Amino acid sequence: MTGLFRQRWLESAGEYVEAAPEGDVGRELLAFLQAEGIKSVVIGGSPLMPIVGERLAGEVEILADFGRAGYERETAKLLCSRAEAGISGVDALISETGALVVSSTGRAGFMISSLPPLHLVVAHEAPVFRSQEDFLAVAPTDLSFSFITGPSRTADIEKRLVLGAHGPKRVVVWGPEI
């Protein structure tokens, strides 16, 4: 199922990096950020993020670490919109559609995934479901979920596809090895 997720994700203009099985995803993210010239990030509050934050500390400017501190909504919005990249985890991957699933439990998750021009997703340990229906059959009913299917895109202007019009121009997933 991971292979199908990757195929569908790439078809939606997303980017995919196979995370090394016993690797240090924080080190991989840092190398990526340095290669791209990214100097400022915001970090989500998923369980893997403290490790990522420790690896990035002192190497890039961490404007906000939502796993370590709470921020008022307007402050969070400002910090996320100023960041060059947002780094977050996900709750699940959907193979059939190549979608990332993000729950309402993540602090500022929507802002991290939509305001910076680059969204980096740590998903190598996320469960993979065949379909959205399979996921929803076991998902908690007291949460809401967002399904992300690649970078923001629109064809409103002269019927030409434009990436990044209403969200990130690039979304890169660190996913399971295929």
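The values are calculated or read from the model by the stated rules, or taken from the named source; none is laboratory data. These numbers were taken from a predicted model, which means no experiment stands behind them. In this analysis, Cβ positions are derived from the backbone assuming ideal geometry, glycine residues included, and neighbour counts consider all displayed protein chains.
Numbers below:
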| item | result |
| --- | --- |
| Any hit, region 110-125, residues being aliphatic (A, V, I, L, M), more than 17 Å from GLY14 (Cβ to Cβ) and at pLDDT 95 or above | no |
| In region 33-59, the residues that are under 16 Å from LEU118 (Cβ atoms) and crowded, with 18+ Cβ neighbours inside 10 Å | LEU33, ILE38, VAL41, VAL42, ILE43, GLY44, VAL52, LEU56 |
| Given (1) outside any strand (DSSP E or B); (2) surrounded by fewer than 20 Cβ atoms within 10 Å (Cβ to Cβ), index of the condition VAL17 fails | (1) |
| Boolean, GLY86 is farther than 24 Å from MET1 by Cα and crowded, with 20+ Cβ neighbours inside 10 Å | yes |
| Within region 28-63, considering residues that are under 20 Å from ALA126 (Cα atoms) and among the hydrophobic types (A, V, I, L, M, F, W, C), the one modelled with the lowest pLDDT | LEU48 |
| Residues of region 52-77 satisfying the condition of being of a type in the set (A, V, I, L, M), over 16 Å from the mean Cα position of the chain (by Cα) and assigned to a helix (DSSP H, G or I) | LEU56, ALA76 |
| Matching entry among SER104, SER88 (being in contact (Cβ under 8 Å) with a residue 12 or more places away in the chain, more than 18 Å from LYS169 (Cα to Cα) and within 16 Å of the chain's Cα centre (by Cα)) | SER104 |
